[in-house]
1. Go through segment 71-126 and report how many residues are of a type in the set (Asp, Glu), touching a helix residue (DSSP H, G or I) at 6+ places or on another chain (Cβ under 8 Å) and in a loop (DSSP other than H, G, I, E, B).
2. Could you check segment 212-250 and list, in sequence order, the residues that are in contact with a Lys or Arg (Cβ under 7 Å, 6 or more places away or on another chain) and more than 30 Å from Glu47 (Cα to Cα)?
3. Return yes or no: is Ser51 crowded, with 17+ Cβ neighbours inside 10 Å, within 20 Å of the chain's Cα centre (by Cα), polar (S, T, N, Q) and in a strand (DSSP E or B)?
4. Examine segment 96-114 for a residue that is small (Gly, Ala, Ser) and on the phi > 0 side of the Ramachandran plot, and state whether such a residue exists.
5. What residue, of Pro141, Pro58, is in a loop (DSSP other than H, G, I, E, B), modelled with pLDDT of 95 or more and either closer than 27 Å to Arg277 by Cβ or within 21 Å of the chain's Cα centre (by Cα) (or both)?
6. Just name the residue that is farthest from Asp201 (Cα to Cα) out of those in segment 251-301 that are touching a residue at least 12 places away in the same chain (Cβ under 8 Å) and among the acidic types (Asp, Glu).
Amino acid sequence: MKADTLAVEVLPALGGKIASLRYQGVELLQAPLRRYAPRTAEMGYEESDASGFDECVPSVAVCEIAGSAGIVRIPDHGEFWRLPCDVERRGEREVRLRATGRLLPLRLERTLKLDGETLRIDYRLENVSEREVPYLWSAHPLFSVEEGDAIVLPESVRQVTVEESAHARLGLKGSVHEWPVAELRGGGKIDLSHAGDIRDDTGDKLYTPAPSEGWAAIERKQAALRVQVGFDRALTPYLGLWLCYGGWPEGQPKHQQCVALEPCTAPGDSLAEALERGWSRMLAPGRSASWRMTIAVSELS
């Protein structure tokens, strides 16, 4: 899809992945770590291209939940990033993608539309069964960054909670830090609002309640661009942060250098944990849920 300044490439066969988002030719998303290839039902995300913008439904982490026919095992980063999508083009600036889950009876529909310098994504998740179905959702846009780029959160964000931290540099799961200056487990402090270098060998997954201001942003200093993710806190009440500077995936020749700003429905990666702690969303038979996120690009003055 193309607008005046934005160009978007979507791969329906690969879960409807947004493979590229370019502003006047500048790529904004993490480049593929491997060649694009079909995703299998059980593969880990690190076995894929691990790039671009995928969707995590109905879980982010591998977990097991009780289903109507027994235990259901949800694979890494959920099911929908690996499901081919039906696609409906609506001109040069709009496309609708749809896929139905095989593990849980959920149908995910996304409408992507370019509006000036903004990509708008409208979501609709439907329960296509006759029983209640749990889920969590997290956007997974991996934005390319360079050392010194800024992660900008509204002033209402005061603390972040660790979901995972490579080499436990920020402590174990559940550790709480002030934003943006966090305490390192080995002593010292780190300003999390400044992107690191791929040689840093770090990767931190953090959560915070979604700011009431309804946005989070990255400022690309050398590119002189601001990339701002917008969301409705009432519908997606949490914000995940993936700050990866060479620390993932382990044991592979190429590593991520990216920041993900992830509107989401739960402050954790596992649907099983979300069910246990009352964070999961539940869809009644035949019912649906709808929400929206946006990615707006502007030039830094």
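1. Kept after step one, since they are of a type in the set (Asp, Glu), are these residues of segment 71-126: 76, 79, 86, 88, 92, 94, 109, 115, 117, 122, 126.
With touching a helix residue (DSSP H, G or I) at 6+ places or on another chain (Cβ under 8 Å) added as a condition, the list becomes 76, 86.
After this cut, where a residue has to be in a loop (DSSP other than H, G, I, E, B) as well, the list is 76.
Of the residues in that region, 1 qualify.
2. Answer for segment 212-250, where residues must be in contact with a Lys or Arg (Cβ under 7 Å, 6 or more places away or on another chain) and more than 30 Å from Glu47 (Cα to Cα): Ser212, Gly214, Asp232.
3. Details: crowded, with 17+ Cβ neighbours inside 10 Å: yes; within 20 Å of the chain's Cα centre (by Cα): yes; polar (S, T, N, Q): yes; in a strand (DSSP E or B): no.
When the stated conditions are applied, Ser51 does not pass them.
4. Of the residues in segment 96-114, the ones small (Gly, Ala, Ser) are 99, 101.
Still in the running and on the phi > 0 side of the Ramachandran plot: none.
Looking through segment 96-114, none of the residues is small (Gly, Ala, Ser) and on the phi > 0 side of the Ramachandran plot.
5. Values: Pro141 fails: in a loop (DSSP other than H, G, I, E, B).
Answer to the check: Pro58.
6. First, the residues of segment 251-301 that are touching a residue at least 12 places away in the same chain (Cβ under 8 Å): 252, 254-275, 279-300.
Going one step further and asking which of them are among the acidic types (Asp, Glu), we end up with 262, 269, 273, 299.
Working: Glu262: 21, Asp269: 22, Glu273: 28, Glu299: 30 Å.
For segment 251-301, the residue satisfying everything is Glu299.
Residue-by-condition table, conditions (1) under 30 Å from Glu64 (Cα atoms); (2) touching a strand residue (DSSP E or B) at 6+ places or on another chain (Cβ under 8 Å):
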residue: Gly186; (1), (2): no, no
residue: Ala216; (1), (2): no, yes
residue: Glu219; (1), (2): no, yes
residue: Leu239; (1), (2): yes, yes
residue: Gln256; (1), (2): yes, yes
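To keep it simple, each residue is scored yes or no on (1) surrounded by 15 or more Cβ atoms within 10 Å (Cβ to Cβ); (2) in contact with an Asp or Glu (Cβ under 7 Å, 6 or more places away or on another chain).
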| position | (1), (2) |
| --- | --- |
| Glu117 | yes, no |
| Pro134 | yes, no |
| Glu147 | yes, yes |
| Glu155 | no, no |
| His167 | no, no |
| Leu172 | no, no |
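The values are calculated or read from the model by the stated rules, or taken from the named source; none is laboratory data. These figures come from a predicted structure and were not determined experimentally. Methodologically, a virtual Cβ is constructed for each residue, glycine included, from the backbone with ideal geometry; neighbour enumeration extends over all protein chains shown.
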